[in-house]
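The values are calculated or read from the model by the stated rules, or taken from the named source; none is laboratory data. A quick note: this is a predicted structure, and the numbers were derived from the prediction, not measured. A quick note on method: Cβ atoms are made from the backbone with ideal geometry, for glycine too, and the neighbour counts reach across all protein chains shown. These accessible areas exclude ligands, DNA and RNA; they are computed on the full protein's heavy atoms, side chains included. Shrake-Rupley method; radii C 1.70, N 1.55, O 1.52, S 1.80 Å.
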Amino acid sequence: MEDNSLAPISLNSLAQELKILGSEEVDLSLNVNNISYTLKLEPRVTLLDALREKLGLMGTKKACDRGECGACTILVNGRRINSCMTLAIMHIGAEITTIEGLAQDGKLHPMQTAFITHDAFQCGYCTSGQIVSAVGMILEESPKSEAEIREKMSGNLCRCGAYPNIIAAIRDVLEEMSDAAI
């Protein structure tokens with residue numbers, strides 16, 4: 001699972017592979033948090049809805065449902081995406097990581113720990129998207145300044161205004177960079 005590409009899937013190849021007929025449910029397999037799940041979904045189901053409603057992974061939040069707030073941020077092949085803006089069927093064979101997949105062997109990911117240490121949340125609704133986005137940002141390319149952190153995290157909104165603590169948490173992880181990646 002080292003492939004970090006987000007290679008587009010053509011509709012023709014996808015239709016041939018899955019034998020899609022209108023809105024009928026199709027069988028598909030998703031690799032989420034290193035577990036392979038076989039699901040029966042309509043092709044129009046978003047990845048967010050598949051994660052929450054079919055797999056019960058409620059850490060990924062549904063807020064704006066238009067890709068504007070980032071609460072639904074997950075990693076697909078190590079890159080950040082808004083799961084509300086993509087269809088589940090488009091991610092067959094991809095490595096999907098949600099907030100539930102960041103902790104390993106009962107130990108929180110360093111970014112999760114830093115968010116707790118720096119009290120980087122208030123209501124907490126955006127927190128899972130913020131944490132996953134911060135991990136993805138580091139995987140994509142580590143920011144070199146606080147301004148760059150702010151710019152790269154700009155797709156994740158916090159209505160409570162916990163931004164100073166979020167930035168402090170991310171900076172803390174960057175300083176301990178050796179295990180910031182997943």
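Worth a mention:
- Of the helices (runs of 4 or more DSSP H) lying entirely inside the stretch 125-182, not one is found with 2 or more residues being surrounded by 22 or more Cβ atoms within 10 Å (Cβ to Cβ) and at pLDDT below 95.
- Strands (runs of 3 or more DSSP E) fully within the stretch 1-107 counting 1 or more residues that are within 22 Å of residue 141 (Cβ to Cβ) and at pLDDT 95 or above: 73-76, 79-82, 95-97
- Any chance residue 121 is open to solvent by 30 Å² or more (accessible area, probe 1.4 Å), out of contact with any Lys or Arg (no Cβ under 8 Å at 6 or more places or on another chain) and of a type in the set (Phe, Trp, Tyr): yes
- The condition (being open to solvent by less than 20 Å² (accessible area, probe 1.4 Å), under 15 Å from residue 126 (Cα atoms) and in contact with a Leu (Cβ under 6 Å, 6 or more places away or on another chain)) is satisfied by just one residue among 60, 73: 60.
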